[in-house]
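What follows is calculated from the coordinates using simple rules that are stated; it is not laboratory data. Source: prediction; values computed, not measured. Heads up, the Cβs are rebuilt from the backbone with ideal geometry, glycines too, and the neighbour counts pull from every protein chain shown.
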Amino acid sequence: MEHFAYRHSDLCCEQVSLRSLAADVGTPAYVYSKAALLEGYRGYDDAFADVPHVVCYSVKANANLGVLGTLARAGAGADIVSGGELFRALRAGFPPGKIIFSGVGKTRDELRDALKAEILMFNVESLGELRALDEIAREMGVRAPVALRVNPDVDPETHPYIATGLKTSKFGIPFAQALEAYAEAASLKGVEVVGADIHIGSQLTRTSPLADAVARVAALVKTLRERSVEVRVVDVGGGLGIRYRKDEAPPTHRDYARVLLPVLRELGVTVLLEPGRSIVGNAGVLLTRVLYRKDTGDKKFVVVDAAMNDLIRPALYDAYHEIQPVAEARLGAPAETVDVVGPICESGDFLAKDRALARTEEGDLLAVMSAGAYGSAMASNYNTRPRAVEVLVDGNRYTIVRRRETYEDLVAGETVL
């Protein structure tokens, strides 16, 4: 996370001191680096420059309009999984012709809205969805461009909650049923078969599962062409991992492309990619302040003002996030083993457990690193906590891209009987 570094004794996002930022906007706060966002996007765009391609940012990773608008202006497309994400993507400026619609449970209203918007493609995940889309498209007098999401039954070697390419997963059409499903799709009047889609999981740290999955879909495409089903687009999904721990070394964009391009180039298709975490994950931190220290004799706790409602990944996935003091001088303090916990009334409310950290004191600022993906996107109001402010930094300036919620915001849609 080179865009987060110590300058003049403080941890900074680009050229903005996180200490100064906390004084201006308060804590907790999500802080994003524009330069890091663009670097993540351009890494894919450059790596796949040899083939026709669209980098469709996975909106679910971070759906803030400031983040989305930054990527849309850079030329990215969008991968969406709901009608709400379609609304956000259009509001942020993504061209409809660069939007793909994934997800297992698209409602009829969502399908209708996406057809009206004239999006690039639907990634269809079941025969039921295919038939519903055909019916709606015929009612509207249009043809829906579709790819079938095929489940290649490849182990992505990641956390089971974010593995999506196994035959036990709810996602996609089983590989053994793919030819039959494509035959039905090709026979329908309301759909146009344009592509094939795979997505095997998230936070992938090796390229071999991706290579296996793409090889399987390439063989499928060749068989479909022999049967006069012309596939001109292949969506290889997303899921490339990022570095959460300093000693991790996930594949680079170039590594990713090096494995996939020979097969894809041979097919002569337009390649769609759906990266999310690998664009925005290390472009953001969660800034929090130490409220109290607590020592029970058996365990030491550092209580901060951010909580599981701000970053649920540690509680949900037992995920690891580095935690750094904002004050560089604190790095020289003696290390101690602590749990970093928040104010939520749950024992599962923690940001780190049994973590060796340089000693911090009440009032200190901490940065929870790699929080750009699935931080604000999965945030909630549990314990009636307002969601945190979101800030986008550009060089030595910053913009509040989502204001902190107020208590009035939390009850705005409710009624006292």
**Message:** Given points 7 Å out from each Cα along the Cα-Cβ axis, report the Phe87 to Arg245 separation in nanometres with one decimal.
**Reply:** 4.1
**Whole-number percent relative contact order across the chain, with pairs defined as alpha carbons under 8 Å at least 6 apart** = 20
**Request:** Be a star and scan segment 262-289 for residues whose amide nitrogen sits under 11 Å from the point 7 Å along the Cα-to-Cβ vector of Arg227.
**Result:** none
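Please give the charge dipole size of the chain, origin at the Cα centre, charges +1 on K and R Cβ atoms and -1 on D and E Cβ atoms. Round to the nearest 20 debye. Please list the in-between numbers first.
Values: 49 positive and 56 negative charges, 93 e Å.
Charge dipole, the chain, about its Cα centre: 440 debye, nearest 20.
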**Complete:** Stretched fully, the stretch from Ser380 through Leu291 gains (0.36 nm per residue minus C-alpha distance, one decimal, in nm) 30.0 nm
**Fill in**
When the charge dipole of the chain is computed with +1 at the Cβ of Lys and Arg and -1 at the Cβ of Asp and Glu, the Cα pointing farthest to the positive end, of Val338, Val81, Thr27, is that of Val81
**Request:** With everything on Cα atoms, drop me the angle between helix 208-226 and the longest principal axis of the chain, reported from 0 to 90° to the nearest 10.
**Result:** 20
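What order do you get for Tyr244, Tyr57 when you list them from fewest to most C-beta neighbours inside 10 Å?
Working: Tyr244 17, Tyr57 33.
Least crowded to most crowded, the residues run Tyr244, Tyr57.
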**Complete:** Here segment 361-373 yields Karplus 3J(HN,Hα) values (6.51, -1.76, 1.60; θ = phi - 60°; whole Hz; Gly and Pro given as x) of 10, 4, x, 5, 9, 10, 10, 8, 7, 6, 9, x, 9
**Fill in**
For segment 34-278, the count of lysine pairs 8 or more apart or interchain whose alpha-carbon atoms are under 24 Å apart comes to 18
**Message:** Using a 7 Å offset from the Cα along the Cα-to-Cβ direction at both Leu127 and Asp109, what is the distance between the two label points in nm, to one decimal?
**Reply:** 2.9
**Message:** For a quick check: sort Thr252, Thr70 by the number of other beta carbons within 10 angstrom, fewest at the front.
**Reply:** Thr252, Thr70
**Complete:** The extension gain from Thr337 to Glu414, computed as 0.36 nm times the residue separation minus the Cα-Cα distance, is 23.4 nm
**Item:** Positive-pole candidate from Leu90, Leu273, Asn64, dipole of segment 34-278, charges at beta carbon
**Value:** Asn64
**Prompt:** Taking Cα atoms, how many degrees apart are the long axis of helix 83-92 and the longest axis of the chain, rounded to 10 and kept between 0 and 90?
**Reply:** 80
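Quick check for me: using +1 on Lys/Arg Cβ and -1 on Asp/Glu Cβ, what's the dipole size of segment 97-143 about its Cα centre, in debye to the nearest 20?
120
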**Among Asn123, Asn396, Asn282: highest mean-square fluctuation, GNM of the chain, C-alpha pairs under 10 Å** = Asn396
**Message:** Just to confirm the number: angle between the C-alpha axis of helix 34-47 and the first principal axis of the chain, 0 to 90 degrees, nearest 10?
**Reply:** 30
**Complete:** Note: segment 287-417, point scatterers on Cα, Debye, no solvent; log10 I/I(0) at q = 0.09, 0.17, 0.18, 0.19 Å⁻¹ equals -0.29, -0.96, -1.05, -1.15
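Can you give me the Rg/Rh ratio for segment 34-278, using Cα atoms for both radii and the Kirkwood formula for Rh? The partial results should precede the final answer.
On the way: Rg = 16.8 Å, Rh = 17.9 Å.
Rg/Rh for segment 34-278 comes to 0.94.
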**Prompt:** Under a plain spin-label model, where a point goes 7 Å from the Cα along Cα-to-Cβ, how far apart in nm are Lys189 and Ala74?
**Reply:** 4.5
**Asked** For Leu316 and Glu118 in one chain, what is 0.36 nm times their gap in residues minus the Cα-Cα distance, to one decimal in nm?
**Response** 67.7 nm
**Prompt:** Where the convex hull is taken over the Cα atoms of the chain, what is its projected area averaged over directions, in nm²?
**Reply:** 22.1
**Asked** Given the rule -39500 (n - 2.57) for each run of at least 4 DSSP H residues, summed and divided by the residues of the chain, what is its mean residue ellipticity at 222 nm, to the nearest 500 deg cm²/dmol?
**Response** -9000 deg cm²/dmol
**Prompt:** Between segment 377-417 and segment 43-103, how many Å separate their Cα centres?
**Reply:** 23
